[in-house]
Each structure stands twice: as structure tokens, then as C-alpha cells.
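Have a look at the structure below before the remarks.
The values are calculated or read from the model by the stated rules, or taken from the named source; none is laboratory data. Predicted model only: the values in this text are computed from it and were never measured. Backbone-built Cβ (ideal geometry, glycine too); neighbour counts: all protein chains shown.
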Ligand SMILES: Cc1cc2nc3c(=O)[nH]c(=O)nc-3n(C[C@H](O)[C@H](O)[C@H](O)COP(=O)(O)OP(=O)(O)OC[C@H]3O[C@@H](n4cnc5c(N)ncnc54)[C@H](O)[C@@H]3O)c2cc1C
């Protein structure tokens, strides 16, 4: 093949990028292209300032890496299919190479692209691609432990090196460098920062991850690689291989969760909006409680710390995510979709498959095998943040309250709100709504 287009979507990297690798291997010259999709930019998700800055930085990083190999990144803005078709015509490309993805939006984009151009889709978003392992008689797993066993046995190729050279088509005039912008992002975007963070984190923290590190809210030693994995600045397959080689099984298991939710959404696109397993829930319409939850003013220190971390850092610790999500859906009886929307607005790692899959898990409408469990925010505080250090970091009203006292809601500090609901009453009301035995 003479000319190909390598269409980047959320695989913004050179290392272990199978779509780019295939394009460079199959074609004499390749045009690397990214389209700032108006359909995404115009949503609240696409408009969020921190996320936009992170994307810009990631594109600039990719562009400068491509230039070192002789190429460059062409960035267009508009309808992704129309722009790709135009570029294909302009450079006389015979094919477009891109990474497969699982969201309903990505799959519709793939379908539309196929009608316009010769499209070569290549796996590159997950360690084990969606649909690659399946139970007898089905196309996907709904039980994590069974999926994990099959996933561990699945053949996974070795990570690919970055291309040695990228030769632009003769017709292409070198575009100007991509401007990283000056807007601040909570985390520096791009493959370079992602790889540096990966190496440092594996060296310093992988060893302690399995023995409690990943649950230690105040210690805050999880990798924070999720935003990079979401935009593909880092290959999940490479990260899993690096961690496995150092005995990091507990960490690799978390990457398996990511694949698990990927294949779940791929096989159940309707669960973007609908319950996977409806429980007959009648969600409450309670805008005041929803607003208090969003602001981190529920009177439950752990819930409030998590919600304020989300607002200030664009990220929240996984344990806190579980507690705040359980509180919204089970204590307050508010629809998980409200929570997922708010998370999606603010999370730098906001990802439809991961967000919806996890929200449904916590709400009990998804794949949790114990759908009616309720996280007790006070017991969780005692367990995960016994000294109250995590809470104090985000809730200044409680700066002078010792950790032990934080587990007694209502007796905290004059400027801190009283608990929105009583725990025991809220749990009883939830059980009544679900028609469970008292
Ligand atoms: C209600 C709720 C919503 C969530 N929404 C998102 C989301 O939009 N995007 C997102 O990437 N993650 C989401 N998660 C999963 C998880 O909280 C984050 O992936 C994790 O906190 C990211 O931090 P980390 O990179 O430091 O994780 P680490 O502990 O370092 O884990 C490494 C990687 O494993 C994967 N991983 C870890 N835990 C999970 C999990 N529970 N589910 C799926 N993958 C996991 C992530 O890719 C993560 O980067 C959500 C969890 C909950 C409970």
C-alpha cells in the first residue's frame, strides 16, 4: 500500500499502538490524524476545561514524538467522518487504520467511517479485547471472578515498540506544531508524562499496592494512571506486562476490571442509560440532597471529602468513589444516572464503560453479586482513614477534629453540616424500597 491514514482516537501514543504499527508496516507513507470531534466537544464532557487541557497536552506530546520520527500530527476539527473522508481524498490514502473501541458512540463512528473509507480496525484499547474471551453459550462475562480466570489464560501478544520512522505522504506540507495551550490541567497530559509516571510508580509503589496500599485513602498511593489509560497515552497491555513482570498481581487484577467493564458495555450498549439488571427501583426526586451530595455537604466526612476531592482534583480514590456512590443511591435513594453524570462532568478519567459499569455495580443494578450491600460511610471512614488525614485534606471545617471523633456524625464542628440522613433509617428505607426483609 502506498498511502494510509493513522486515525488516532483515544490511543494517543507511539509505544504499543497496534493500529499505528499496522499502518506504518503496511503503507509506504502514513498521515497521522486526530479529529477534534465537534459532537464530543459540544457536550459537557468535551467542554470541561481540565479535560480539554489534558487532551491538548496529550496531542502536543504525540505531535512532538511523531516529529522526532519524521512525521507530524495533523489535527482537524469538525465531524469526524467527514474530516477523515476529506483527508483520505486529499492525500490519496488507500486505507484508514484505527483502534477498536467499545462505547456505543465509538461503534457508531466505526460504522459510519466504514461507509466512507476503507477502514482497518485493530485492537489496542484493552489488554484482552472485548469478545476475545467468552463463556460457553455467551459472548461476554457478567461475573468478574469467572472473567478474571479466563482473562488470565487468554493469549496476549508482546507490547510493540514505537515505529522507527513515520514518513508523511509527499502531498503533505508539514503542519505547524500542535500548541499544548496554557490552560491548567490537574495532571500533565501526554505519553511522555504517562510513561514517566508509570516507571516511577512501579518502582516506588507497586510492591505495597496489594498489601493494603490500594485501600489507604490518606496514603494516596494508587497509580493515578487512569486518565492516561482513558486517552490511551499508555497502553494497558504494556502496563499489565510491566506490572506482571514485577509480581504485581493485585494491580494487574485492577486492569482486568477495566477490561471486564469494557466487554460488558460492548455486549450491552443499552446499559449506558438502562439498568443491566432492573431491581424495580423507584428513585427519589430530591434536588436538595443531590446538590448537598455534589457540594460535599452531606455531614458524612468521608462522603464529603470524596466529593470535594472530585471537584478540586478531577479525580477521586476508588474506595471513596464506592462510598459516595453507595451513599447517593442507597442512603439518598437517588438514581445512579445522576451520580454518573456528575462524575462524568468532573473526572479527568471519565470513561463511559468504567463509569457506568462501576456506578451500576454500586447501585446494585449491575454485576455486583451482592446488589443490596450498603457501604456504611462511618465504618468505612474508621477502616480506610482511621486518623482522618484524608478527610482533613479536603474538609477544612474538620481540620481540628481528631480522626476518632469523625466517626461520630453530628458532633463535629459548628461550621460543618449536620448529617443529611440517619444511617440506620436510610438503610431501612432503602431495604423497604427494594422490598427486602427488614
Ligand atoms: C462509581 C465509580 C465510578 C468510576 N468511574 C470511573 C471512570 O469514569 N473512569 C475510570 O477509569 N475508572 C472509574 N472508576 C474505577 C476506579 O475508581 C478508577 O479507575 C481508579 O480509582 C483510578 O485510579 P488509579 O489509576 O490510581 O487506580 P489504580 O488503583 O492505580 O488502578 C490501576 C488501573 O486499574 C483500573 N481500575 C482500577 N479500579 C478499577 C475499577 N473499579 N473499575 C475499572 N477499572 C479499574 C484503572 O484503569 C486504573 O487506572 C470508577 C469507580 C467507581 C466506584
Can you tell me how many residues within the range 135-152 are in a loop (DSSP other than H, G, I, E, B) and touching a helix residue (DSSP H, G or I) at 6+ places or on another chain (Cβ under 8 Å)?
5
Looking only at the range 215-229, which residues are more than 15 Å from residue 61 (Cβ to Cβ) and part of a helix (DSSP H, G or I)?
215, 226, 229
Just the residues that are assigned to a helix (DSSP H, G or I) and near the ligand (Cβ under 6 Å from one of its atoms), please, taken from the range 351-360.
354, 355, 358, 359
Provide a single number: the residues in the range 393-431 that are in contact (Cβ under 8 Å) with a residue 40 or more places away in the chain and in a helix (DSSP H, G or I).
10
Set 131, 138: member being over 22 Å from the mean Cα position of the chain (by Cα), in the same structural domain as residue 240 (by TED's automatic domain parsing) and either in contact (Cβ under 8 Å) with a residue 40 or more places away in the chain or at negative phi (or both):
138
Taking the range 296-314 as the search range and keeping residues that are away from the ligand (no atom under 13 Å from the Cβ) and either at positive phi or assigned by TED's automatic domain parsing to the domain that holds residue 52 (or both), which one is modelled with the highest pLDDT?
296
Those residues that are over 15 Å from residue 61 (Cα atoms) and modelled with pLDDT of 95 or more, I need them from the range 180-196; list them, please.
none
From the list 223, 235, 185, which residue is closer than 23 Å to residue 98 by Cβ and either in contact (Cβ under 8 Å) with a residue 24 or more places away in the chain or touching a helix residue (DSSP H, G or I) at 6+ places or on another chain (Cβ under 9 Å) (or both)?
235
Out of the residues in the range 218-248 meeting the condition of being crowded, with 21+ Cβ neighbours inside 10 Å and more than 11 Å from the ligand (Cβ to nearest atom), tell me which one is farthest from the chain's Cα centre (by Cα).
237
Of the listed residues (331, 317, 342), the one being surrounded by 23 or more Cβ atoms within 10 Å (Cβ to Cβ), more than 9 Å from the ligand (Cβ to nearest atom) and in contact (Cβ under 8 Å) with a residue 40 or more places away in the chain is 331
Inspect the range 269-283 for any residue being more than 14 Å from the ligand (Cβ to nearest atom) and over 30 Å from residue 420 (Cβ atoms) and give the result as yes or no.
yes
Of the candidates 199, 182, the one satisfying the condition of being over 28 Å from residue 19 (Cβ atoms), surrounded by fewer than 17 Cβ atoms within 10 Å (Cβ to Cβ) and more than 13 Å from the ligand (Cβ to nearest atom) is 182
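The rows are residues; the columns are (1) assigned to a loop (DSSP other than H, G, I, E, B); (2) closer than 18 Å to residue 266 by Cα; (3) modelled with pLDDT of 95 or more.
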| position | (1), (2), (3) |
| --- | --- |
| 89 | no, no, yes |
| 98 | no, yes, yes |
| 101 | yes, yes, yes |
| 109 | no, yes, yes |
| 114 | no, no, yes |
| 120 | no, no, yes |
| 124 | yes, yes, yes |
| 128 | yes, yes, yes |
| 132 | yes, yes, yes |
Out of 363, 429, 399, sole residue that is at pLDDT 90 or above, under 22 Å from residue 300 (Cα atoms) and surrounded by fewer than 14 Cβ atoms within 10 Å (Cβ to Cβ):
399
Matching entry among 173, 178 (being part of a loop (DSSP other than H, G, I, E, B), on the phi < 0 side of the Ramachandran plot and without any contact (Cβ under 8 Å) to a residue 40 or more places away in the chain):
173
Test of understanding: among 165, 111, which residue is in the same structural domain as residue 31 (by TED's automatic domain parsing) and exposed (fewer than 12 other Cβ atoms within 10 Å of the Cβ)?
111
Out of the residues in the range 38-55 meeting the condition of being loosely packed, with under 15 Cβ neighbours inside 10 Å and at pLDDT below 80, tell me which one is farthest from residue 83 (Cα to Cα).
44
Name the residues in the range 368-388 that are in a loop (DSSP other than H, G, I, E, B) and away from the ligand (no atom under 11 Å from the Cβ), would you?
369, 370, 371, 372, 373, 374, 376, 385, 386, 387, 388
Lone qualifier among 372, 358 - being assigned by TED's automatic domain parsing to the domain that holds residue 292, surrounded by fewer than 19 Cβ atoms within 10 Å (Cβ to Cβ) and in contact (Cβ under 8 Å) with a residue 24 or more places away in the chain
372
